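Here's the structure, in structure tokens; my notes come after.
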Amino acid sequence: MSKKYTITTPIYYVNSVPHIGTALTTLAADVTARYQKMRGREVFFLTGTDENGLKVKEAAEKAGKDPMAFVDEISSKFKEIWPGMFIEFDDFIRTTEPRHRIAVQEFFRILQEKGHIYTGTYEGWYDVSSETFYKESDLVDGKSPDGNEVRWVKEDNYFFRMSSFAEPLMAHIDANPNFILPETRKNEVVSFIKQGLRDVCISRANPGWGIPVPGDDSQVVYVWFDALINYIAATGWPKPGWEDYWPAEVQWMGKDILTRFHATLWPAMLLGVGLPLPETLVGHAWLLMGGEKISKSKGNVVAPLELAAELSERSTCALDVAIDAVRFYMAATLPVDNDSVFTYEEFDRKYNTDLANDLGNALNRSLAMSHKFVGGSVPGGSVEEEAVQAIAKAKADFETAMVTFRIDHATDAAWSVVRFLNKYIDTRAPWALAKNNDPALPGVIRSMLLCLRTAEGLVRSIMPKTADAIAAQLGSSPLTDWSQIGTEGSLIEGTALSQPKPIFPRLELTKKEEPKKMEQPKPQPTATPIPAQKEEAVATEITIDDFAKVKLKVGRVLEAEPVEGSDKLMKLQVVIGEERRQIVAGIRKSYSAEDLISRQVIVCVNLKPAKLRGVESQGMLLAATDADGGAILLQPDKEAPEGTGVK
Ligand code: MSP
């Protein structure tokens, strides 16, 4: 069997259920796994739960439960939630399993045999919350550096000679520039090692919970020493065959558990036993809320699936899509060097701008125009050079980002082709080509569709269900082979396209929810809808100054969909120069969505916003009224750039 591409997450403490902080690490690992599978690697993706240790025992006691029953219950929540977020792990290890206990005891025994373990007395502080030993000089105002309570401990324990591994460890870090990522974290680790690595206490007095030290039931193995061994236990070690799974290509984790544990203790343990070191350790930064790390103890937990369910309810997008939107948010904002702050406002804003506006628009416009201008199937013709280049660059940038596990940059690379596509549509203006019977039209539409197909492939590891939905609308099978992404062969001429079905309905943000920092600031003026215009006799004369107060501009309809529960209203997304507006108009009886997409319209842009059937309208379309009361939309006599003023 060939060596698998092994990816691990930390194993999670079972004192708390999963939240978006812990989900972040697991999502990063899942994106890595999916990407490597698309590249043809056989992947072994490992996650699990950390169930020994005082922290868990005390949490069980607090809950009034037997520790085993308690860990069974919470571990199963982790095991269930990950597939709910479309996380495809291959193995889930629990440290209470026999395979883990056997590996830990064997590991301990080998280190003892090799002279790396000795007995002594530990006297110092212990932080149960992070299961960490601290010296007096480590404390800050009598607490751990993370602000946790500490207790004084004096015990006869076993020690691991970590100090003797400082040199080989530094040599390994120097020789392997990608061993610790990102660079900022590597520097932290190097300075930690340079301060001098201390021997580590690796056992605790047996509290009746944990893995007994081999040959000494009065002690249990220190929970971090035990937990780190999960990575090798899951490979089947010490039984033969583990070499197919180890060393890991990448071990993902948060920055808090990199320096002291994964980048020093863990490699030293491996060197001691004589096992190879993992290729890369990635320590991402934290997701904060209200200035603090998201964690159960801080009481600021956001559950990923609840976040998705709420989004689905508020936006009316499908639940699968909402789960993908949570995945997208995490991938796009994955904190690397610096912590990033989670806010519901930013989450909503990214949904509207990156998903509804960018990706949703690119999909809807491309499909609507393919139906309108080339009969609804993939045309032949050649893809235009600028599209070829944008596609190649997006794919290459994605690959480069993934070499150093910059999931945030990879996500941005995928979006670069989406942003290109929206601009390309605006500048190549297929509606104008169609009007002039320009022979470039099929090639332009093909270029648009190939950009979409590329986007489908590039977003797949981040948003698997959305990628499937895009493929379905393109009438194509899912693009899962990385080498095919961006190729002409991925888009077969003559394939029937489905009608556009909006995947990401826009979120209506109330004023309170309106984000403070908008990427594209929305203009103040908004307006009432256009319920079929009533004929009104011209009553009072107005002056030219009165008329000048009414601001009219040329716009173009990008998206159109009927307003649910109304047989008159149509919800439109209209581009007016640099800005986009949502306009609700009473034109459904006279126009279908397809009639409207890509049509130019005249918009009154300074009417006060109004809600129609609960949907905000930010402008009004000008229309005449026919004999039956139906709308006849006004449009410029010839194409005018969107945003042009009308007098
Ligand atoms: N059990 C140990 C890991 C042992 S691995 C051999 C542990 N568990 S944990 O549940 O507390 O945290 C697991 C991971 O979740 C860590 O990588 C941690 O950094 C990450 N996160 C927990 N909260 C987080 C945020 N708010 N933001 C980012 N990552 C967070 O440590």
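The values are calculated or read from the model by the stated rules, or taken from the named source; none is laboratory data. From a predicted model like this one, the values you see are computed outputs, not experimental measurements. Here Cβ is always computed from backbone atoms with ideal geometry, including for glycine, and neighbour counts include all displayed protein chains. The accessibility values were calculated without ligands, DNA or RNA, using every heavy atom of the protein model including side chains. Shrake-Rupley method; radii C 1.70, N 1.55, O 1.52, S 1.80 Å.
Amide H to amide H distances under 5 Å link V150 with S144, where only residues 5 or more positions off or on other chains count and H is placed in the peptide plane. Exposed loop sites are taken as GluC sites (Glu not before Pro) in a DSSP loop (any state but H, G, I, E or B) with at most 16 other beta carbon atoms within 10 Å; the longest stretch of the chain without one runs 280-492. Looking at the chain, the pairs of alpha carbons with a distance over 32 Å make up 56% of the total.
With the convex hull constructed from alpha-carbon coordinates only, the stretch 87-159 shows a mean projected area of 7.6 nm² over all directions. Between 0 and 90 degrees, the angle of helix 441-459 with respect to the longest Cα principal axis of the chain falls at about 20 degrees. Apolar share of the accessible surface for the chain: 52 percent from carbon plus sulfur atoms, 1.4 Å probe.
A straight Cα-to-Cα reach below 18 Å connects K608 with the aspartates and glutamates E508, E514, D546, E579, E616, residues fewer than 8 places away in its own chain not being considered. Here the Karplus relation 6.51 cos²θ - 1.76 cosθ + 1.60, evaluated at θ = phi - 60°, turns the backbone of the stretch 31-46 into coupling constants of 4, 4, 5, 5, 5, 5, 5, 4, 7, x, 7, 7, 9, 10, 10, 10 Hz, with x for every Gly and Pro.
If one computes the Cα centroid of the stretch 310-347 and of the stretch 11-34, what distance in Å separates the two points? Between the Cα centres of the stretch 310-347 and the stretch 11-34 lies a distance of 15 Å.
By its C-alpha gyration tensor, with a ≥ b ≥ c as the square roots of the eigenvalues, how is the stretch 5-284 shaped: rounded for a/c under 1.5, else prolate for a/b larger than b/c, else oblate? Don't skip to the end; give the middle numbers.
On the way: a/c = 1.35, a/b = 1.13, b/c = 1.20.
It comes out rounded by the Cα gyration axes.
Evaluated at q = 0.10, 0.18 Å⁻¹, a Debye calculation over the C-alpha positions of the stretch 342-490 (equal weights, vacuum) places log10 I(q)/I(0) at -0.33, -1.04. My understanding is that a pair violates if its Cα-Cα distance is over 25 Å; which of K589/K647; K135/K255; K465/K568; K395/K423; K114/K186; K186/K293 do that in this structure? From the list (K589/K647; K135/K255; K465/K568; K395/K423; K114/K186; K186/K293), the Cα-Cα distance tops 25 Å for K589/K647; K465/K568; K114/K186. Projecting label points 7 angstrom from Cα along Cα→Cβ for N187 and D138 puts them 2.4 nm apart. Once you reduce the stretch 69-109 and the stretch 478-509 to the center of their Cα atoms, the two points are 37 Å from each other. The label-point distance for N436 and T119, in a model that sets each label 7 Å from Cα toward Cβ, rounds to 9.1 nm. Taking all protein chains into account, the per residue accessible area for the chain stands at 42 Å² (1.4 Å probe). The lysines within cross-link reach of K65, meaning a Cα-to-Cα straight distance under 25 Å and a gap of 8 or more places when in the same chain, are K55, K57, K77, K79, K296, K298. Considering only the Cα atoms of the stretch 544-646, their convex hull presents on average a projected area of 6.9 nm². DSSP finds beta bridges in the chain, and of those with both partners inside it, around 70 percent are antiparallel.
At R0 = 22 Å, how high is the FRET efficiency between V341 and R314 if r is their beta carbon distance? Nearest 0.05 is fine. Numbers along the way, then the final one.
Working: r = 21 Å, r/R0 = 0.96.
Computed FRET efficiency for V341 and R314: 0.55.
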